[in-house]
Amino acid sequence: GQFEELSGREEVKCLLTTAEQLMGRPRSSTEQKGYVFFLEEYGLPADVIVMAIDFCCMHDRKNYRYIAKMLTGWHDEGINTHPLAEEYIRTQSARLSREGEVVEAFGLEKRGLTTANRKQIAHWYQDLGYNIEMIRMAYERTVDQIGQVSFPYINKILENWHALGLKTPEEVLTGDTPKKGKDGKN
């Protein structure tokens with residue numbers, strides 16, 4: 001009834017004001033219509049829309065097209081509650097932070113990463129369980145051996161260490177493989 005309409009309008013006003021504050025500029029009519037569309041048509045809660053805008057702004061993606069693409073993705077994946085949005089943001093932030101570590105360690109600030117690079121980085125951290133220290137070590141070996149950054153080459157080194165059970169720089173340097181028996185005998 002009438003109360004729902006009013007609270008709906010209040011929610012819209014609040015959402016648009018917050019979006020404007022986060023973007024640090026007045027919103028365009030496209031943005032205004034867009035946010036209302038995600039709220040009314042897609043049924044995304046205002047706080048979830050605000051979380052997406054905030055995440056995009058924190059990562060220097062202050063354009064509406066990027067935000068709209070993200071919100072559409074969330075809608076398609078069923079990310080429509082505060083906890084689900086929080087989990088997505090946590091996962092993405094961790095991914096971006098790991099990628100940032102690698103870009104810095106490899107000196108790739110100018111070049112950036114390809115999609116394939118991003119997949120390999122995720123593989124190194126998640127599947128192989130390595131940290132930046134081990135990744136940097138593989139990078140240094142690669143540059144020493146072939147004179148340039150090569151993600152496939154670095155990947156081969158890390159895969160090899162993983163197969164040998166080498167988990168720390170110390171283990172790599174001494175070439176020790178973990179002992180199989182409790183008494184230290186293989």
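The values are calculated or read from the model by the stated rules, or taken from the named source; none is laboratory data. A quick note: this is a predicted structure, and the numbers were derived from the prediction, not measured. So basically every Cβ, Gly included, is an ideal-geometry build from the backbone, and we count neighbours across all protein chains shown. These accessible areas exclude ligands, DNA and RNA; they are computed on the full protein's heavy atoms, side chains included. Shrake-Rupley method; radii C 1.70, N 1.55, O 1.52, S 1.80 Å.
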Lysine pairs in the chain with Cα distance under 19 Å, only those 8 or more apart or on different chains: how many are there?
8
Helix 151-164 vs. the chain, principal-axis angle (Cα, 0 to 90°, nearest 10)
60 degrees
Kirkwood radius from Cα pairs of segment 15-90 plugged into Stokes-Einstein at 20 °C, 1.002 mPa s, gives D in µm²/s equal to 177 µm²/s
For the chain, set up a GNM with springs between Cα atoms under 10 Å and report which of A94, A52, A116 has the largest fluctuation.
A116
Along the principal axes of its C-alpha atoms, what lengths does the chain span, in descending order and rounded to whole Å?
78, 41, 23
Against the longest principal axis of the chain, how steep is helix 46-58, in degrees 0 to 90 to the nearest 10, with axes from Cα atoms?
50 degrees
Anyone know which of R111, R95, R141 comes out most mobile in the 10 Å Cα GNM of the chain?
R111
For the chain, the per residue accessible area (1.4 Å probe, Å²) is 62 Å²
Base-10 log of normalised Debye intensity for segment 60-132 (one unit scatterer per alpha-carbon) at q = 0.23 Å⁻¹:
-1.12
List the GluC sites (Glu not before Pro) within segment 1-80 that fall in a DSSP loop (any state other than H, G, I, E or B) and whose Cβ has at most 11 other Cβ atoms within 10 Å.
E41
In degrees from 0 to 90, rounded to the nearest 10, what is the angle of the helix 82-106 Cα long axis to the longest principal axis of the chain?
40 degrees
